Amino acid sequence: MNKLIQYLILGSLATGAFNECRSQTFNPVSSLDYCVSKVALDTAMIKEMDGMPRTIDGNKTDWQFARIGDWTNGFFPGILWFAYEYTGDPVWKREADRVTWALAPIAFRNNFDHDLGFILYNSFGKGYRLTGDTAYKRILLASADSLATLFNPRVGTILSWPGMRQRMGWPHNTIVDNMMNLELLFWAARNGGSRRLYDIAMKHAETTMQNHFRPDYSAYHVVVYDTVTGKRIKGVTVQGYSDSSMWARGQSWAIYGFTMCYRETRDARFLNFAQKVAGIYLKRLPVDRIPFWDFDDPSIPKAPRDASAAAIAASALLELSGYVKDPSLARYYRSQAEAMLSSLSAAPYRSGNQNRAFLLHSTGNKPSGGEIDASIIYADYYYMEALLRLKHLQLGP
């Protein structure tokens, strides 16, 4: 733990240097140093793993923890794995492993939700990629099989929020966020799992592409399906402003999800679609490239921002820039991502000494009054992932 404290002290110096040099060219390395220094304090604080950091609300300084099983559980272990990937220091490997294993029982439960990719691929998946430890692989394969039980072949998608069937009377509902969980299925199909896992992920992506988007390629948050006919009943929202609005984080999930699907399948339909859903998002961004929580909130410009949506989009656009064949378009996606990261890495979005998180000004679920203008763990996760991707683009692995 002494080495973690050393990171913390060095990071405090790096934060001050950043404030003095904000006018210089954006540098992902200095921002990664900042992230490592911040998470060192969190790791030193967490001893017994009965929950994971999730949110810091308002003017508070410390993380509020979510119980084991919450959909956000995988992000903090993922951040620790990013710290190990960046530094190569075994202290981070030990801490990441310790925290990751707290989530292992989730893989063997009767499936309770669709977010096993978020929970277990972002933790055990990162660990397996960086270490090759086959114990992680066993957890991932079990969780993929569990996730597959929520697939409805008549509809062609994985069920989201099973409790909504009783609460809302929806026969089958799928949220745009669920695109992110397909990565677990694709991985499992390549690493000893059934070919059926690939087919499920492929079908889910195809069905979502056909039914989840308006003519302008903005995403519905939720699509409700008829389980008899398999047809779409309606598109609605739970976390956006209205059923017809473009919820910022949902659109970011779509950009990321379809880009990932292209990586996993090399199906040009997904690459083309990722560009279309990115196009409407980029077209409507404010000058600083950090979206308001919903692009159609009538209270803009007084509406809350969502730094988490920007972090997700930045990471996705950096990957997308590597797949498009048009060099000018590749440069455009990369420049947009760098502009997002530059904004996130400065005031008012960087937390500095205000709290333990990397970023401020994310919005979780405004309609329910939850996590509004807060620091949220998945914003930090995708911010650090995007910084690492940019570092690799600039400097190589």
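Numbers for the structure displayed
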quantity: Matching residues, the stretch 106-159, being aromatic (Phe, Trp, Tyr), surrounded by fewer than 24 Cβ atoms within 10 Å (Cβ to Cβ) and either in contact with a helix residue (DSSP H, G or I) (Cβ under 7 Å, 6 or more places away or on another chain) or assigned to a helix (DSSP H, G or I) (or both); calculated: Phe108, Tyr128, Tyr136, Phe151
quantity: Residues that are surrounded by fewer than 20 Cβ atoms within 10 Å (Cβ to Cβ) and either farther than 12 Å from Ala314 by Cβ or touching a strand residue (DSSP E or B) at 6+ places or on another chain (Cβ under 8 Å) (or both), drawn from the stretch 336-352; calculated: Ala346, Ala347, Pro348, Gly352
quantity: Considering residues of the stretch 360-385 that are at positive phi and touching a residue at least 60 places away in the same chain (Cβ under 8 Å) only, the residue surrounded by the most Cβ atoms within 10 Å (Cβ to Cβ); calculated: His361
quantity: Positions within the stretch 260-306 being part of a helix (DSSP H, G or I), of a type in the set (A, V, I, L, M, F, W, C) and without any contact (Cβ under 8 Å) to a residue 12 or more places away in the chain, in sequence order; calculated: Ala268
quantity: Candidate set from the stretch 213-238 (those that are of a type in the set (A, V, I, L, M) and in contact with a helix residue (DSSP H, G or I) (Cβ under 6 Å, 6 or more places away or on another chain)); member that is farthest from Val155 (Cα to Cα); calculated: Ala219
quantity: Ala303 aliphatic (A, V, I, L, M) and either closer than 17 Å to Leu329 by Cα or within 19 Å of the chain's Cα centre (by Cα) (or both); calculated: no
quantity: So Asn211, is it in contact (Cβ under 8 Å) with a residue 12 or more places away in the chain, farther than 12 Å from Asn173 by Cβ and of a type in the set (S, T, N, Q); calculated: no
quantity: Where Asn355 falls short, out of the listed (1) in contact with a strand residue (DSSP E or B) (Cβ under 8 Å, 6 or more places away or on another chain); (2) closer than 22 Å to Gly51 by Cβ; (3) surrounded by 21 or more Cβ atoms within 10 Å (Cβ to Cβ); calculated: (3)
quantity: Residues located in the stretch 197-208, provided they are under 19 Å from the mean Cα position of the chain (by Cα) and in contact (Cβ under 8 Å) with a residue 60 or more places away in the chain; calculated: Ala201, Ala205
quantity: Test: residue in the stretch 307-320 that is outside any helix (DSSP H, G or I) and modelled with pLDDT of 95 or more; calculated: no
quantity: Leading residue by the ranking (nearest to the chain's Cα centre (by Cα)) among those in the stretch 258-285 that are aromatic (Phe, Trp, Tyr) and under 15 Å from Gln210 (Cβ atoms); calculated: Phe258
quantity: Qualifying positions in the stretch 157-207 - out of contact with any His (no Cβ under 7 Å at 6 or more places or on another chain) and of a type in the set (Gly, Ala, Ser); calculated: Gly163, Gly169, Ala188, Ala189, Gly192, Gly193, Ser194, Ala201, Ala205
quantity: Count - residues of the stretch 166-188 that are free of Cβ contacts under 8 Å to residues at least 24 places away in the same chain and surrounded by 15 or more Cβ atoms within 10 Å (Cβ to Cβ); calculated: 0
quantity: Yes/no for Ala357 being touching a residue at least 12 places away in the same chain (Cβ under 8 Å) and under 17 Å from Gly58 (Cβ atoms); calculated: yes
quantity: Lone unmet requirement of (1) under 26 Å from His172 (Cβ atoms); (2) surrounded by fewer than 23 Cβ atoms within 10 Å (Cβ to Cβ); (3) of a type in the set (Lys, Arg) for Arg289; calculated: (1)
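The values are calculated or read from the model by the stated rules, or taken from the named source; none is laboratory data. For clarity, every value in this text was computed on a predicted model and none was experimentally measured. Neighbour counts run over all protein chains shown; Cβ positions are idealised from the backbone, glycine included.
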